[in-house]
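J.: Below is the structure I would like to discuss, written out as structure tokens.
Read-outs throughout are calculated quantities, based only on the coordinates presented, and are distinct from any laboratory measurement. Worth saying up front: this structure is predicted, and the values here are computed from it rather than measured. We place every Cβ from the backbone using ideal geometry, glycine too, and count neighbours over all the protein chains shown.
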Amino acid sequence: MIEDVHLRVEDLIYPIFVCDGNNIKNEIKSMPGQFQYSVDKLQDILDKIISSKIKSIILFGVPDKKDEHGLVAHNPEGIVQKAIKYIKKNYPSLLVIADLCNCQYTTHGHCGTIVDGDVDNDLTVKNLSKQAVSLVKAGADVIAPSDMMDGRILNIRKSLDEKGFQKTPIFSYSIKYASAFYGPFRDAANNSPSSGDRKTYQMNYKNSEEALREVELDINEGADAVIIKPALSYLDIVSRVKRKFNIPIIAYNVSGEFSMVAAASDNNWVERVNIIFEILISMKRAGANAIISYHAIEIAEKLNKDV
Ligand code: PBG
């Protein structure tokens, strides 16, 4: 009765990796129990999501073919576009959030368009805006840009508005630290940079004030919610954003956070369900409204049983 922090199934967003090809359900080595799915196999996971009562998913594309500028990401028949059409047709009740970035679609694996050996911010923003329009045309309910370029929220907002998609919200990854916690995701999404790192556009984890500036910029440019990632080592940031701004916050319980729990609990070093609850509730306690988590389904099933 007097507990003041609660975790609800509605707070959970489940990430799905969709890949090209047929009849594929590939387990991700570093993320036991998580898979890449081809569109024809999505039913496996979507049925589970529906029965667990989770209402929102976020999609990541894992295409076979990549190119220098990630143009494959604008293709109306691209992998994420195909998945969105399939999901909206067969599972219309789900809120489909489309992650928006270049790194899975470029041969060099960087989140931006490379010119003279470096990421060209403004060109990247233009390409991302085209990708956003293409994803919304396919039926995406929400766009979530995760590239960390400057000025992209304003540009994406303008592009969506011009094409008649004024009502599509943008959940911005406003705060994205350059982090070792993304290690397993790079296995899952095949998006490791072939050279260099992401430190020129992702944030330095020794900075905290910068995080607040990033949120302020994105709110002014039109973000409807902000995503903070990673989550677990950054709860101080979640809490500061919560106190300073009145905008919904989504914490991303990222791949490395998932895999550490999976490895330790597979060895019986920690008790899996209890530790996941403690972790997810800590994110709510810090101020997150919602949480993107690979644990979403297993925890939703527990929450449903407890009711
Ligand atoms: C990049 C992106 C990353 C994640 C999602 N989108 C990080 C990166 O590779 O730099 C990480 C999510 C996770 O670790 O679960 N577009």
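J.: Just for the Cα atoms in segment 149-279, what are the lengths along the principal axes, largest first, rounded to whole Å?
T.: So the extents along the principal axes, rounded to whole Å, are 53, 38, 31.
J.: Can you give me the distance in nm between label points at N204 and L95, each placed 7 Å from the Cα along the Cα-to-Cβ direction?
T.: It is 3.6 nm.
J.: How far apart, in nm, are the 7 Å Cα→Cβ label points at E10 and K29?
T.: If labels sit at E10 and K29, their model points lie 4.2 nm apart.
J.: Taking only complete DSSP H runs, can you tell me which helices of the chain stretch 20 Å or more along their own long axis by Cα positions and average at least 0.5 on the Kyte-Doolittle scale?
T.: On the way: long enough: 121-138 (26 Å, -0.02); 272-286 (21 Å, 0.79).
The answer, listed by residue number, is 272-286.
J.: Explain nothing, just the number: relative contact order of the chain, from Cα pairs under 8 Å at least 6 residues apart, as a whole percent. Write out the running numbers ahead of the final one.
T.: Details: 602 pairs, mean separation 60.6, N = 307.
For the chain, the relative contact order is 20 percent.
J.: Now a separate question. Need the full-extension length gain, M1 to K65, defined as separation in residues times 0.36 nm minus the C-alpha distance. One decimal, nm. All intermediate terms of the calculation are to be shown ahead of the outcome.
T.: Details: separation 64, 0.36 × 64 = 23.04 nm, distance 5.37 nm.
Separation in residues times 0.36 nm, less the Cα-Cα distance, equals 17.7 nm.
J.: State the answer as a single residue: which of S52, I247, G183 lies farthest towards the positive end of the charge dipole of the chain, with beta carbon charges of +1 for Lys and Arg and -1 for Asp and Glu, about the Cα centre.
T.: Of the options given, the answer is S52.
J.: For segment 27-90, how big is the tail of P(r) above 21 Å, as a whole percent of Cα pairs? It would help to have the intermediate numbers written out before the result.
T.: Values: 620 of 2016 pairs.
So the pairs more than 21 Å apart make up 31 percent of the total in segment 27-90.
J.: How far, in nm, would the chain grow between N274 and S194 when pulled straight, counting 0.36 nm per residue and subtracting the alpha carbon separation? Intermediate values should be presented prior to the final figure.
T.: Numbers: separation 80, 0.36 × 80 = 28.80 nm, distance 3.83 nm.
So the extension gain works out to 25.0 nm.
J.: A further question follows. Would you kindly calculate the mean projected area, averaged across all directions, of the convex hull enclosing the Cα atoms of segment 1-127, in square nanometres?
T.: Working: hull surface 42.4 nm².
Its Cα hull, projected and averaged over all orientations, spans 10.6 nm².
J.: Taking the square root of 5 times each eigenvalue of the Cα gyration tensor, what semi-axes in Å does the equivalent ellipsoid of the chain have, largest first? Provide the component values of the computation, followed by the final result.
T.: Numbers: eigenvalues 148, 106, 77 Å².
Calculated on Cα positions only, the semi-axes equal 27, 23, 20 Å.
J.: Right, another one. Just how large is the dipole of segment 9-224 about the Cα centre, in debye to the nearest 20, putting +1 at every Lys and Arg Cβ and -1 at every Asp and Glu Cβ?
T.: Details: 26 positive and 30 negative charges, 144 e Å.
Rounded to the nearest 20 debye, it is 700 debye.
J.: A further question follows. Which of the trypsin sites (Lys or Arg not before Pro) found in segment 202-278 are loop residues per DSSP with 12 or fewer other Cβ atoms within 10 Å of their Cβ? Could you put the intermediate results ahead of the total?
T.: Numbers: sites: K206, R213, R240, K242, R243, K244, R272; in loops: K206.
When the trypsin sites (Lys or Arg not before Pro) of segment 202-278 are filtered for loop state and at most 12 Cβ neighbours within 10 Å, K206 remain.
J.: Relative contact order for segment 123-235: what percent, with Cα pairs under 8 Å and sequence separation of 6 or more?
T.: On the way: 133 pairs, mean separation 36.6, N = 113.
Relative CO of segment 123-235 lands at 32 percent.
J.: List the residues of segment 195-209 whose backbone N lies under 16 Å from a point placed 7 Å from the Cα of K244 along the Cα-to-Cβ direction.
T.: In segment 195-209, the label zone of K244 (backbone N under 16 Å from the point 7 Å along Cα→Cβ) covers 203-209.
J.: If you take every residue apart from V273 with its C-beta less than 9 Å away from the C-beta of V273, what net charge results, scoring Lys and Arg +1 and Asp and Glu -1? Mind showing how you got there, number by number?
T.: On the way: positive: R272, K302; negative: E271, E298.
Computed value for this residue: 0.
J.: Using 7 Å Cα-to-Cβ label points, what is the E162/A263 separation (nm, one decimal)?
T.: Here the answer is 4.6 nm between the modelled labels.
J.: Name the long-range amide H neighbours of I114: under 5 Å, sequence gap of 5 or more, or other chain; modelled H, no Pro or chain starts.
T.: D120
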